[in-house]
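**Student:** Quick one: the structure is below, and I'll ask about it shortly.
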Amino acid sequence: MTGQARFTIQPGGTLQGVLRVPGDKSISHRAVILGSLAEGETRIDGFLEAGDTLNTLNAFRQMGVPIHHSGGGRVEIGGVGLHGLSAPSGALDLGNSGTGMRLLSGVLAAQRFDSQVVGDDSLSRRPMGRVIKPLTEMGALIRSEDGCPPLSIQGGQTLHGIHYAMPVASAQVKSALLLAGLYADGETCVTEPAAARDHTERMLRGFGYAVDISGSDICLKGGGRLQGCHVDVPADISSAAFFLVGAAITPGSDLTLKHVGVNPTRVGVLNILGLMGAEIALSNETTVGGEPVADLRVRGGTLRGIQIPRAEVPLAIDEFPALFIAAACAEGETILSGAEELRVKESDRIAAMATGLTALGIANEVFPDGIRIQGGALTGGAVESFGDHRIAMSFAMAGLRADGPIEVKGCDNVATSFPEFVEMALSSGLAIRVRHD
Ligand code: S3P
């Protein structure tokens, strides 16, 4: 029996070559959900084969959806239609995934059968009130203890459309309500305070479902049908982000990331690195399945610290751990505010990154909604991932600029989003090894 994986990274090196990181996690979840609820066949290419998305796939299998998955990113789904799911024999385990749990809550709230959704320790601490409250307004019956998982969802309710002004810009909340809205009487409208990723809206249209978007209002009417289709999943910009940062902080690096999703609601990491002075060029820009993609070539150089514009926060929400490493290597200070959402991700990402940066000699000051990072010289040292995949991969990239070895503890959860990380990082020039405690 082996224990938790631990990364050790020898200092130095550069990142070189051409990589295609695995498929987009958000789009992969949605492709399985909509493919299962559609009529007819859906074929997915480029599906992310990682813990989080496989848990969503298994949840639909447990509800009787025939899903053929033979690896290589190809998934074939025999859609059962909006009313064709059957009661699962046990609880649906969404593992580490907030997206899986929140989006499924919207679907399950509208079913005839009762269900229970559970998750791992990290997910069991994450707030679900943000979906329970508006779904309850729609007529759902969801029980939880203190608004955290596990959730018990009572079937057989009639849902009605609501107009909901989201208090935070959350794509998960928006998506849960739109999914419930497919089953609701009348119109369901969500108003977002700032643009959150719009993959659900794009994909609903790809499955032939009408979605009205006017300014910050996203509306649909219940009672329609989804038609199975082909979904081509781009490479995940959130996984590409570790490599973008790794190459950007190391003079001499020259790395190309192929076929990366560059949906405007996801490109905060490119915008922020650009403001910091990183050299990133887009080429081969095209659209697949309604989603823009491009190849990204990044060359290493000197970065400067910046005040991160608030408008970029929702567009880069998952990339801040990696961006904090860029800030640590930049000249001057970088300030982030308006990002309290980082406190309720797979870990408290402000606290987790601050602790690790301090251990590596980088001065920082934590605020309730952000952090100030003073660029400086990274030392070697040991850091904790707090079980958070993105914290682990971010600190791995810090090894490129550290003056001694870095050890990252608790890295098993890297497999929730990016099982090939170590292999790809090694092949592009990071001196990383995995050990088991
Ligand atoms: C996601 C939305 C974001 C993001 C998460 C994936 C999605 O969460 O952090 O990793 O696929 O909808 P919020 O909606 O909570 O901001």
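**Student:** If you go through the range 94-141, how many residues are small (Gly, Ala, Ser) and more than 13 Å from the ligand (Cβ to nearest atom)? Explain how you work it out, then say what you get.
**Tutor:** Our first condition is that a residue be small (Gly, Ala, Ser); within the range 94-141, this holds for 95, 97-98, 100, 105-106, 109-110, 115, 119, 122, 124, 129, 139-140.
Keeping just the survivors that are more than 13 Å from the ligand (Cβ to nearest atom) gives 95, 109-110, 115, 119, 124, 139-140.
Number of matching residues: 8.
**Student:** Name the single residue, out of those in the range 171-203 being part of a loop (DSSP other than H, G, I, E, B) and open to solvent by less than 10 Å² (accessible area, probe 1.4 Å), that is farthest from the ligand (Cβ to nearest atom).
**Tutor:** Here is the first cut: in the range 171-203, the residues part of a loop (DSSP other than H, G, I, E, B) are 182-184, 186, 192-198.
Pick out the ones that are also open to solvent by less than 10 Å² (accessible area, probe 1.4 Å) and you get 182, 184, 196.
Working: Leu182: 17, Ala184: 20, Ala196: 6 Å.
Restricting to residues being part of a loop (DSSP other than H, G, I, E, B) and open to solvent by less than 10 Å² (accessible area, probe 1.4 Å), the top hit is Ala184.
**Student:** Next up: Show the residue pairs that are 6+ apart or on different chains and have beta-carbon atoms under 9 Å apart, the first residue being within the range 153-178 and on the phi > 0 side of the Ramachandran plot, the second being away from the ligand (no atom under 12 Å from the Cβ) and modelled with pLDDT of 95 or more.
**Tutor:** Gly156/Gln111; Gly156/Arg112; Gly156/Phe113; Gly156/Asp114; Gly156/Leu141
**Student:** Can we say Gly73 is closer than 20 Å to Gly261 by Cβ and either part of a loop (DSSP other than H, G, I, E, B) or basic (Lys, Arg) (or both)? Walk me through it before giving the result.
**Tutor:** On the way: closer than 20 Å to Gly261 by Cβ: yes; either part of a loop (DSSP other than H, G, I, E, B) or basic (Lys, Arg) (or both): yes.
Yes, satisfied.
Matching residues to (1) closer than 19 Å to Ala240 by Cβ; (2) buried (at least 20 other Cβ atoms within 10 Å of the Cβ); (3) modelled with pLDDT of 95 or more; (4) in the same structural domain as Ile350 (by TED's automatic domain parsing):
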position: Arg390; (1), (2), (3), (4): yes, yes, yes, yes
position: Met393; (1), (2), (3), (4): yes, yes, yes, yes
position: Ala396; (1), (2), (3), (4): yes, yes, yes, yes
position: Leu400; (1), (2), (3), (4): yes, yes, yes, yes
position: Pro405; (1), (2), (3), (4): no, no, yes, yes
position: Gly410; (1), (2), (3), (4): no, yes, yes, yes
position: Phe418; (1), (2), (3), (4): yes, yes, yes, yes
position: Gly429; (1), (2), (3), (4): yes, yes, yes, yes
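**Student:** Hey, can you tell me all the residues within the range 230-274 that are away from the ligand (no atom under 16 Å from the Cβ), open to solvent by less than 10 Å² (accessible area, probe 1.4 Å) and assigned to a loop (DSSP other than H, G, I, E, B)?
**Tutor:** Across the range 230-274, the qualifying residues are Ile249, Thr250, Ser253.
**Student:** Of all residues in the range 384-431, how many are of a type in the set (Ser, Thr, Tyr) and part of a loop (DSSP other than H, G, I, E, B)? Give the steps one after another, and end with the answer.
**Tutor:** Within the range 384-431, the subset of a type in the set (Ser, Thr, Tyr) is 385, 394, 416-417, 427-428.
Adding the requirement that they be part of a loop (DSSP other than H, G, I, E, B) leaves 385, 417.
Residues in the range 384-431 being of a type in the set (Ser, Thr, Tyr) and part of a loop (DSSP other than H, G, I, E, B): 2 in total.
The values are calculated or read from the model by the stated rules, or taken from the named source; none is laboratory data. Being a predicted model, the structure only gives us computed values, none of them experimental. Ideal geometry is used to build each Cβ from the backbone, glycine not excepted, and the neighbour counts take in all protein chains shown. Accessible surface is based on the protein model in full, side chains and every heavy atom, while ligands, DNA and RNA are left aside. Shrake-Rupley method; radii C 1.70, N 1.55, O 1.52, S 1.80 Å.
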